[in-house]
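J.: Following this message is one structure expressed as structure tokens.
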Amino acid sequence: MAAGPFNATMILAILPQIGLLALGVLVSILDLLWKENQKRNLGWLTASGLALIMVLAGVFTAPAAQPVLVFGGMLRHDWLSFVFQMIFLFGAALTALFAMDSEPLSRKGEAYMLLVAATLGMTLMASAADLIMLFLAIEMTSIPLYILAGFIVGDNKSTESGFKYLLFGATTSAVMLYGFSLLYGFAGTTQIYQLAGILQQGQFSTFTLIAVLMLVLVGFSFKVSAVPFHFWAPDVYEGSPTPIAGFLSTASKAAGFAVLMRFLLVVFPMTEHYWIPLLAVISTATMIVGNTLALAQKNVKRLLAYSSIAQAGYMLIGVASVSPLGITASVFYLTAYLVTNLAAFGVVTIVGRSTGSDELSAYAGLSRRAPGLAMVFLVALLSLGGIPPFGGFVGKILVFAAAINSNLIWLAVLGILNSIIALYYYLMVLKVVYLYRSEDENRPLAIPRSWAIAMGLCVVGILLLGTVFGPWYQWSVTAASSLF
Amino acid sequence: MVPLSYYLMLSAVMFFLGVLGVMLRRNAIIIFMSLELMFNAANLAFVAFALYYHSLSGQIFVFFVMTVAAAEVAVGLALIVAIFRTKHSINVDQLSSLKG
Amino acid sequence: MLLEYLPILILMILALVLSILVIVLGTIFGPHRPTPRKGLPYESGMTPFGPGTRRVSVRYYLVAVLFILFDVEVVFFLPWAVVFRKLGVFGLIEMLVFIGILLVGYVYAWKKGALEWE
């Protein structure tokens, strides 16, 4: 663990993190200096700042073919972390745009600062190569999100959702930390890339290793909201401000997957035979629980929450396949899911703001009040349901192909059956949007520019991922290859 | 020297007491104290292993866990105060406005 | 070697025995004439006022939390100070960045009125 010589590659490798830090500081200073009526511009500033960081990172941070460990082995600079960092930055930029005109967040500088801080934590999660860094990154992501979930102080539901999120999050991370401490105890090092070798040499019984793996998995399952640690998701999504719910369900989940993939494949390859069935079972349970509970929902935010639990199940299929194709499929699926779900939550934000309700009945006649918005919802829900030519379709095909390739045919079949169930409730929502009439049909919905831009980006993303998927697929392949 | 296994037993006992506290107690403050117990059980294990291996990373880990736990509790207390203002109770069973 | 801890055990036993002995001797030989005045809780010789379990104003909470946060960050200065010479200029710059971030947080809390009492 020598400090190692300091050089420019180290700084270039953490360029996105430095940028995010600077942006967070800038936002908080401007929040103090700007007057109340200027503060809405903080949203533009945050979004464009994040976009700028993406461009800078794309130019300067693109990793070399050989992954390198920087900062004394704390971070690993490889394609997997790079691709995930881009996903988080994009998701955060869109969330900033959605937050701009959403009432509880719009004029609050601290909301943007916390958003940037959480994104910083996620970028570190994707590249952490040391247990210390990993734990810090996970907490750095979670703590700002706890505050954001409970952001509306006067509102019962919001504070309650923040508190529930914190309680679940802190408990699962304490269990995970205990797992880390045992891992450190077995190996005597906190470096993730040295752990596997030492664990393999040391004569540890499979039972102990599996027990530690379970402890660690508790923390990760919470982040990706996999069964049986999914209880928090619907409550938290319902209570928190809608743009934040969107962010929680996409970027935060993606960060959880980034960690899950790296950890399972790098630290525990020797117990593969045990955790692959385990992961397959978790994935099946996650899909079934998410989809069946979603069927009964009358609140669109809760429905999307259960649907996002189910989506985590499909992505777990890719991880359970444990092959380059499986990881590729999961990364691609996550990208498609990010733009899709952000678009869906964006629509919920707008409808919620103008009708004051997230109930399904509030969506009646939406196609007449705001045809463009209804179209975005149509694209998003069909993509979630896995209908061509949208991004979700390609993601699902890849995931199921990976499962079949790894001889998990039963899992692929279950996945396909589940997608059919899911399609049912997505179409139910669309039926309300397109076929039901309501009294205020002739009152069009106002859509501010920031939302129009964000949703335009999402729809373009969904269509690109569904039709011209070559480059994105190539990206995911490169990302996956850095794990094998 | 106290053998390593003593520390680990104590840490395991602390951890399970913490888990029991989180699951059984209903007062939010006590739940937080139980959470601290869980974090500190892990801390004890880290320090014990660090001593055993003569490696510093375990002790460094404890520094970070301490700060993180402080931040987490600060946020938690803020949320408790916010909840208490509207509900006049910090019993977690009362947190039931979100259901379905 | 648990034997090294024997002095501590002896100390604990001695302390226990001594305290029990003092209490027992006091109750056996001391005069015992209670008055209502003597039964009152002791508050530095003053007549007690108000209930013993008064509520603390929630305003203390904010100060306390800010104190904890900034206080805990100091933990990182200690290891840094120990290896200050080894780390050299790079370590100094990193610590300045760390303090800078803390300072922004401090100024933010100050300007937002977290330190105002009223």
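Values quoted throughout were computed directly from the atomic coordinates according to the rules given, and no laboratory measurement underlies them. Note that the structure is predicted; figures quoted are calculated from it, not measured. Here the Cβ positions follow ideal geometry from the backbone for every residue, glycine too, while neighbour counts run over all protein chains shown.
J.: Between rounded, prolate and oblate, where does segment A:378-484 land on the alpha carbon gyration tensor, with a ≥ b ≥ c its root eigenvalues, rounded for a/c under 1.5, else prolate if a/b exceeds b/c?
T.: oblate
J.: To the nearest 20 Debye, how big is the dipole of the protein assembly as shown about its Cα centre, given +1 on the beta carbon of each Lys and Arg and -1 on that of each Asp and Glu?
T.: My answer is approximately 1060 debye.
J.: Something else now. Arrange the peptides A:26-37, C:20-31 so that the one whose residues have, on average, the most other Cβ atoms within 10 Å appears first.
T.: Result, highest mean first: A:26-37, C:20-31.
J.: On average, how many beta carbons from a partner chain sit within 10 Å of the beta carbon of a residue in B:40-53?
T.: 4
J.: Next question, about the same structure. Starting from the Cα coordinates of segment C:28-118, work out the convex hull volume and express it per residue in Å³.
T.: Here the figure is 195 Å³ per residue.
J.: If you take the alpha carbon radius of gyration of chain A and divide it by 2.2 N^0.38 Å, what ratio comes out, to two decimals?
T.: With N residues counted in chain A, Rg over 2.2 N^0.38 Å equals 0.93.
J.: Choose one of A:Ile420, A:Gly256, A:Tyr237: the residue whose Cα lies farthest towards the positive end of the charge dipole of the protein assembly as shown (beta-carbon charges +1 Lys, Arg; -1 Asp, Glu; about the Cα centre).
T.: A:Tyr237
J.: Once phi is turned into ³J(HN,Hα) by the Karplus curve 6.51 cos²θ - 1.76 cosθ + 1.60 with θ = phi - 60°, what whole-Hz value does each residue of segment B:16-25 show in order, with x for glycine and proline?
T.: 6, 4, x, 4, 4, x, 4, 7, 9, 7
J.: Which angle from 0 to 90°, rounded to the nearest 10, does the C-alpha axis of helix A:409-435 make with the longest principal axis of chain A?
T.: On a 0 to 90 degree scale, this one is about 20.
J.: Still on this structure, I have one more. Could you give the C-alpha radius of gyration of segment A:273-484 expressed as a fraction of 2.2 N^0.38 Å, taking N as the number of residues it contains?
T.: 1.05
J.: Non-local amide H neighbours of A:Leu75 (under 5 Å, H modeled in plane, Pro and chain starts lacking H): which ones?
T.: For A:Leu75, the qualifying residues are A:Val70, A:Ala129.
J.: Give the Rg (one decimal place) followed by the Dmax (whole number) of segment C:59-111, computed from C-alpha coordinates and expressed in Å.
T.: Cα-based Rg and Dmax for segment C:59-111 come out at 13.5, 44 Å.
J.: Rank by packing, highest mean first: peptides C:65-76, A:272-283, A:293-304, with packing defined as the count of other Cβ atoms within 10 Å averaged across residues.
T.: Taking the mean over residues of other Cβ atoms within 10 Å, the ranking is A:293-304, A:272-283, C:65-76.
J.: Step through the residues of segment A:451-465 one at a time and calculate ³J(HN,Hα) from phi using the Karplus curve (6.51 cos²θ - 1.76 cosθ + 1.60, θ = phi - 60°), rounding each to whole Hz and writing x for Gly and Pro.
T.: Whole-Hz 3J(HN,Hα) from phi for segment A:451-465: 5, 4, 4, 4, 6, x, 4, 4, 5, 4, x, 4, 5, 4, 5.
J.: Using a 10 angstrom cutoff on alpha carbons, build the Gaussian network for chain B and name the most mobile of B:Val22, B:Val47, B:Val81.
T.: Among B:Val22, B:Val47, B:Val81, the largest GNM mean-square fluctuation belongs to B:Val81.
J.: Taking +1 at the Cβ of each Lys and Arg and -1 at the Cβ of each Asp and Glu, which of A:Phe163, A:Met270, A:Trp472 sits farthest along the dipole of chain A towards its positive end, judged by Cα position relative to the Cα centre?
T.: A:Trp472
J.: Per residue of segment A:17-30, what does 6.51 cos²θ - 1.76 cosθ + 1.60 with θ = phi - 60° give for ³J(HN,Hα)? Whole Hz please, x for Gly and Pro, Karplus curve as stated.
T.: Once θ is set to phi - 60°, the couplings for segment A:17-30 become 5, 4, x, 5, 4, 4, 4, x, 5, 4, 4, 5, 5, 5 Hz.
J.: I've got another one for you. Could you list C:Ser19, A:Ser482 so that the one with the fewest beta carbons within 10 Å of its beta carbon is first and the one with the most is last? Before the final figure, lay out each step's value.
T.: Numbers: C:Ser19 10, A:Ser482 20.
With the sparsest Cβ surroundings first, the list reads C:Ser19, A:Ser482.
J.: Now, a different point. Sequence-distant or interchain residues sharing an amide H contact under 5 Å with A:Ser323, placed H: which?
T.: none
J.: Using only alpha carbons, build the gyration tensor for chain B and give me the equivalent ellipsoid semi-axes, biggest first, whole Å.
T.: 33, 15, 8
J.: Then there is this: Using unit Cβ charges (K, R positive; D, E negative) and no other charged atoms, how large, in debye to the nearest 20, is the dipole of chain B about its Cα centre?
T.: 340
J.: Moving on to the next point. Would you mind giving the mean number of other chain beta-carbons within 10 Å of the Cβ of each residue in A:126-137, as a whole number?
T.: 2
J.: Shielding of C:95-108 by partners, i.e. mean partner chain Cβ atoms within 10 Å per residue?
T.: Per residue, the average neighbour count from other chains is 2.
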